[in-house]
1. Of Thr280, His292, Leu312, which is farthest towards the positive pole of the chain's charge dipole, taken about the Cα centre with +1 and -1 on the beta-carbons of Lys, Arg and Asp, Glu respectively?
2. If one computes the Cα centroid of segment 437-455 and of segment 352-429, what distance in Å separates the two points?
3. Given a cut-off of under 8 Å on Cα pairs at least six residues apart, what relative contact order in percent is computed for segment 372-440?
4. Compute the angle between helix 331-341 and the longest alpha-carbon principal axis of the chain, please, reported from 0 to 90 degrees and rounded to the nearest 10.
5. With the convex hull built on the Cα atoms of segment 118-196, state its orientation-averaged projected area in nm².
6. Report the dimensions of segment 268-307 along its three principal axes from the alpha-carbon atoms, largest first, rounded to Å.
7. If I fit a long axis through the Cα atoms of helix 66-79 and take the longest principal axis of the Cα atoms of the chain, what angle between them do I get, 0 to 90°, rounded to 10?
8. Return the sequence-ordered ³J(HN,Hα) values of segment 467-477 in whole Hz as given by the Karplus equation 6.51 cos²θ - 1.76 cosθ + 1.60 applied to θ = phi - 60°, using x for Gly and Pro.
Amino acid sequence: MSGSEHPKRRLRSQDWFDNPDHLDMTALYLERFMNYGTTPEELRSGKPIIGIAQSGSDINPCNRHHLDLAKRVRDGIRDAGGIPIEFPSHPLFENCKRPTAALDRNLAYLGLVELLYGYPFDGVVLTTGCDKTTPSALMAASTVDIPAIVLSGGPMLDGWHDGELVGSGTVIWRSRRKYAAGEITKEEFLERALDSAPSVGHCNTMGTASTMNAMAEALGMSLTGCAAIPGAYRERGQMAYRTGRRAVELVLQDIKPSDILTREAFLNAIRVNSAIGGSTNAQPHLMAMAKHAGVELHPEDWQVHGFDIPLLANVQPAGAYLGERFHRAGGVPAIMWELLQAGKLNGSCPTVTGLSMAENLAGKEAIDREVIKPYGEPMRERAGFLVLKGNLFDFAIMKTSVISEGFRLRYLNQPGREGIFEGRAIVFDGSEDYHKRINDPSLAIDEDCILVIRGAGPLGWPGSAEVVNMQPPDHLIQRGILSLPTIGDGRQSGTADSPSILNASPESAAGGGLAWIRNGDTIRIDLNQGRCDMLVSDEEIVRRKAEGIPAVPADATPWQMLYRQTVTQLADGATIKGAEGFRQISKRPPRHNH
Ligand SMILES: CC(C)(O)[C@@H](O)C(=O)O
């Protein structure tokens with residue numbers, strides 16, 4: 001339906017710009033927009049006012065090209081009869097923000113809620129890219145619940161080094177192993193990493209950025225095919241234009257996030273995450289988005305709905321290729337098409353296109369079977385996340401699509417003990433401790449050890465850091481042992497190919513079981529039973545509790561203090577306690593400001 005066919009209704013923005021009961025306020029609201037040439041006629045025309053939540057800036061390089069794309073968004077908004085108003089959102093630069101960008105996701109969420117609620121927006125284009133720009137934007141869109149649509153920035157072009165594909169992040173984790181093995185020099189290490197970033201865009205691997213943009217598309221919150229278009233392709237600008245147009249139509253048709261973000265949409269997203277070999281960071285972010293959307297998502301949903309789904313995308317870190325090939329092969333719609341044919345996707349979910357997901361996917365079969373596999377001939381069967389619990393934590397996940405054959409054989413396929421592994425715990429308090437001691441000979445780390453890191457969760461870090469994919473000591477790498485089992489209350493990069501046990505909740509700093517483990521304890525991992533336990537008696541655990549929770553750094557900024565006072569655990573999405581109680585707040589107009 002085109003915008004002009006739809007009946008007119010009074011818009012939210014008219015409460016600011018065309019309010020006969022508050023002429024003085026309308027005058028105050030209108031006059032300063034004139035400063036950049038906007039006319040009162042436009043603002044009082046009753047045309048939808050569409051915000052463009054601009055996530056690009058010099059300190060958000062993955063999203064920086066949105067500064068240009070916004071021009072095409074504006075064109076689309078204007079052509080569809082709307083008025084664009086662009087504003088900055090809080091930057092989230094994953095690779096650079098210390099102590100971690102995770103700390104800022106809730107800050108960006110809070111900021112965007114205030115902007116969308118407190119200013120005269122009828123709808124919003126959410127520009128996304130780097131990892132947390134997507135969940136923070138969708139969390140805010142749900143809280144406010146005005147018509148919203150995601151415009152992904154897209155991945156960088158494929159990276160090449162010496163004729164070899166080098167993908168964001170993944171090349172760094174692989175190069176540091178090569179460096180530890182003495183196979184490459186320091187300079188080569190840097191060159192390989194720098195060559196992985198050849199253009200505008202976010203990570204070109206199926207890291208957290210590509211994953212979260214795929215999640216937005218799987219949820220029905222972006223136009224079909226939006227997520228995977230590389231940032232530098234002309235199609236990206238065309239997608240920006242179409243997204244701007246569609247934002248206006250969404251307002252005229254009054255289609256809001258609450259119409260789209262249902263439990264079924266979230267279960268679709270979980271399934272898509274397994275099929276793309278997506279990031280483990282999708283777990284807390286989808287949980288957070290669901291909470292703000294008022295949808296009940298359970299930590300077990302990852303295993304119940306996601307584990308049995310096969311890996312279909314041959315994209316790093318679980319596969320071989322990068323973003324350009326994935327897009328050309330058909331991208332997210334081709335993955336969803338496979339799931340739909342296999343009866344593993346709910347096709348009736350509504351989407352921002354105004355059509356159902358199944359209607360969006362018609363004719364979207366993959367065109368490159370080297371990169372997107374048929375459901376019946378996957379890269380790997382049963383490739384979702386395992387959900388584990390035990391006396392070390394109540395919840396943690398393990399990404400099975402990245403378990404290498406060597407790791408599987410050594411740790412998980414011992415005859416008669418398939419899926420069961422016992423090892424000696426080597427415990428690190430934060431990553432400084434890990435870096436200081438991992439090569440310490442007195443720890444005598446061998447292939448029967450399990451590396452444990454704590455103090456890396458939302459409270460401990462603070463913010464929760466991507467540090468659980470710990471590399472074995474150099475002497476093991478030199479012997480060809482490239483990964484040990486690892487466990488932690490932090491996260492790991494979506495670009496990592498480590499079979500870690502992650503996002504353990506409750507974390508050590510909250511008094512979770514990881515606080516009570518000691519160096520040398522035996523840990524038993526039983527994937528068949530979904531358990532992970534330290535083989536330590538209850539009495540001994542009680543005795544250790546008297547020693548107190550391992551120390552974590554003090555608050556360094558005011559936000560760190562507020563964050564720690566309010567944050568939930570990773571199992572619950574690391575959201576702000578109580579914030580999920582604020583929903584659809586645009587139904588209650590804010591008070592005037594004078
Ligand atoms: C590569 C990064 C920074 O670790 C992140 O973007 C991810 O994929 O998780």
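1. So the residue furthest toward the plus end is His292.
2. Segment 437-455 and segment 352-429 have Cα centres spaced 26 Å from each other.
3. On the way: 37 pairs, mean separation 10.7, N = 69.
RCO, segment 372-440: 16 percent.
4. The answer is roughly 80 degrees.
5. Values: hull surface 28.8 nm².
Over all viewing directions, segment 118-196 projects a mean Cα-hull area of 7.2 nm².
6. Rounded to whole Å, the extents work out to 26, 17, 14 Å.
7. Around 40 degrees separate the two axes.
8. Those phi angles translate into 10, 7, 6, 6, 7, x, x, 3, 5, 6, 4 Hz.
No lab work stands behind these numbers, since they all come straight from the coordinates. Just so it is clear, the structure is predicted and the values come from calculations on it, not from any experiment. Glycine also receives a Cβ, built like all others from the backbone with ideal geometry; neighbour counts cover every protein chain displayed.
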